[in-house]
Amino acid sequence: MTPDELFNKAKESNIVPYAAKLQSAFQFGVSADELASLVLSGKKTATTSSLDLYDKDESLPQNGVYDAILDSKDQAVCIIQNDSVEIKNYLDVSEKHAYLEGEGDRSLQYWHNVHNDFFVNEYQLEGLIFREQDAKMVLENFHVVYPVKQ
């Protein structure tokens, strides 16, 4: 199902206001299916992206907006709503945020290991160098609004 189709279903179910707009549709990280499954299970309620990797004309995430989460085949699996968005230094990401990302053993050490590798690669793809001490991160907390858990 496309992101727009799933978002329209959420509107038709009166879960999302009719006038609401879909901010974006995206896959999480390098394991889109696994991470989408963590979102659907309620284990993953946070994510991190690099401020440096946003295009100059690309909008940053906002509180209260809706996004579609995609699987590895770019099919929408759910609609989330952002509860909070903040920018922090990479080295200031908290244990709580790492836990809410829901990956691995949910520890900050695991988070750093996985995200360091991910960001090194992503920065290289853009011709940049990832420096932990300088990197600014966009931290989002969210909840699933559609489909509703039974």
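In nm, to one decimal, how far is the modelled label at residue 4 from the one at residue 143, with both set 7 Å along Cα→Cβ?
Using points 7 Å along Cα→Cβ, the separation is 3.0 nm.
Before I look further, what does the stretch 1-130 give for accessible area per residue, probe 1.4 Å, in whole square angstrom? Intermediate values should be presented prior to the final figure.
Details: 7360 Å² over 130 residues.
Dividing the accessible area of the stretch 1-130 by its residue count gives 57 Å².
Along the Cα→Cβ direction, 7 angstrom out, place labels at residue 136 and residue 24. What is the inter-label distance in nm?
Spacing of the two 7 Å Cα→Cβ label points: 1.5 nm.
Report the Cα centroid-to-centroid distance between the stretch 98-144 and the stretch 1-53 in angstrom, as an integer.
Spelled out, the Cα-based centre of one part sits 19 Å from the other.
Extending each Cα 7 Å along its Cβ direction at residue 124 and residue 56, get the distance between those two points in nm, one decimal.
Result: 2.7 nm between the two label points.
First measure r as the distance between the Cβ atoms of residue 113 and residue 89, then evaluate 1/(1 + (r/R0)^6) with R0 = 25 Å and state the FRET efficiency to the nearest 0.05.
Numbers: r = 18 Å, r/R0 = 0.71.
Here the calculated transfer efficiency is 0.90.
Could you work out what % of the accessible surface of the stretch 16-150 is carbon and sulfur, using a 1.4 angstrom probe and leaving DNA, RNA and ligands out of the count? Don't skip to the answer; put the middle values down first.
Working: 3650 of 7570 Å².
Whole-percent figure for carbon plus sulfur exposure: 48.
Over 21 Å between Cα atoms, which of 21/43; 44/88; 56/88; 43/96 qualify? Mind showing how you got there, number by number?
Numbers: 21/43 25 Å; 44/88 19 Å; 56/88 19 Å; 43/96 13 Å.
In this structure, 21/43 exceed 21 Å between Cα atoms.
The values are calculated or read from the model by the stated rules, or taken from the named source; none is laboratory data. Worth saying up front: this structure is predicted, and the values here are computed from it rather than measured. With ideal geometry, Cβ positions are generated from the backbone for all residues, glycine too; neighbour counts draw on all protein chains shown. With ligands, DNA and RNA removed, areas are computed over all heavy atoms of the protein, side chains included. Shrake-Rupley method; radii C 1.70, N 1.55, O 1.52, S 1.80 Å.
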